[in-house]
Amino acid sequence: MWVYEKKLQYPVRVCKCDVRMARYLIEQYGGADGELAAALRYMNQRYSIPDKIIGVLTDISTEELAHLEMIATMVYKLTKDATVEQLKEAGLGAHYANHDSALFYENAGGVPWTATYIQAKGDPIADLYEDIAAEEKARATYQWLINMTDDVDLQDSLKFLREREVVHSQRFREAVEILKEDQECKKVF
């Protein structure tokens, strides 16, 4: 189904070890509006969406998995040289006690990822509006993350991700319009 190239969708570079920033980035790894939740939401919704737009959900859900990989890479690079003391100072002492340096699907506050983050109503238009909102929330979060770092390399990767959220939102808006037009067509049986 997929062809995997052993490279990220966009290069991820960081200037320095920054455990505090890694903690904030974990929000986009395992948070309610993060990349995992988005990928699974769209992949799940594609089974109850009209064939006309199923490709939009499939494409975006797989791209969200690529974004998840980018976030994981950022967190890894920001923490790989961190000492236990630095992890504790940044509020990641409990994470270290439970997972050492392993990534774990949780939000920035340490709350584990849950399937309740995934919405699926079964009504295509309702689901697409939910998806638009999810993309806009992710865009806002990326902007706030950009604001919290002075690492220009990290900002570059985050700006790429922020702009992809804008594109995804636009594609979902287009899909809504396609479905609305389809609803307005006279159907003769």
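The values are calculated or read from the model by the stated rules, or taken from the named source; none is laboratory data. Since this is a predicted model, take the numbers as computed values, not measurements. Backbone-built Cβ (ideal geometry, glycine too); neighbour counts: all protein chains shown. Protein only, heavy atoms only, side chains kept; ligands, DNA and RNA dropped before computing areas. Shrake-Rupley method; radii C 1.70, N 1.55, O 1.52, S 1.80 Å.
Observations on the structure shown:
- Condition met for Tyr47 (free of Cβ contacts under 8 Å to residues at least 60 places away in the same chain and either more than 21 Å from Glu165 (Cα to Cα) or open to solvent by 50 Å² or more (accessible area, probe 1.4 Å) (or both)): yes
- Every pair of residues 6+ apart whose Cβ atoms lie under 8 Å, when the first sits in region 1-29 and is under 26 Å from Ala134 (Cα atoms) while the second is in a loop (DSSP other than H, G, I, E, B) and open to solvent by 80 Å² or more (accessible area, probe 1.4 Å): Tyr29/Tyr105
- Residue in region 155-175 that is under 14 Å from Tyr24 (Cα atoms) and buried (at least 19 other Cβ atoms within 10 Å of the Cβ) present: yes
- Looking only at region 81-98, residues that are touching a Leu at 6+ places or on another chain (Cβ under 9 Å) and open to solvent by less than 50 Å² (accessible area, probe 1.4 Å) come to 3 in all.
- Looking across Ala115, Ala72, one residue alone is farther than 22 Å from Lys6 by Cβ, aliphatic (A, V, I, L, M) and within 16 Å of the chain's Cα centre (by Cα). It is Ala115.
- Residue count, region 99-113 (criterion: of a type outside the set (D, E, K, R) and surrounded by 13 or more Cβ atoms within 10 Å (Cβ to Cβ)): 8
- Of all residues in region 128-154, those being open to solvent by 20 Å² or more (accessible area, probe 1.4 Å) and charged (D, E, K, R) number 6.
- Close pairs from region 140-166: first within 15 Å of Ala38 (Cα to Cα) and of a type in the set (Ser, Thr, Tyr), partner assigned to a helix (DSSP H, G or I) and at pLDDT below 95, Cβ under 7 Å, at least 6 apart: none
- Test: residue in region 134-142 that is in a helix (DSSP H, G or I), among the β-branched types (Val, Ile, Thr) and over 15 Å from Tyr29 (Cβ atoms): no
- Residue among Ala97, Ala120, Ala126 that is more than 13 Å from the chain's Cα centre (by Cα), of a type outside the set (D, E, K, R) and not in a helix (DSSP H, G or I): Ala120
- Remark: Leu68 matches the filter, which requires a residue to be open to solvent by less than 30 Å² (accessible area, probe 1.4 Å), under 23 Å from Leu40 (Cα atoms) and not acidic (Asp, Glu).
- Tyr76 at pLDDT 95 or above, open to solvent by 50 Å² or more (accessible area, probe 1.4 Å) and in a helix (DSSP H, G or I): yes
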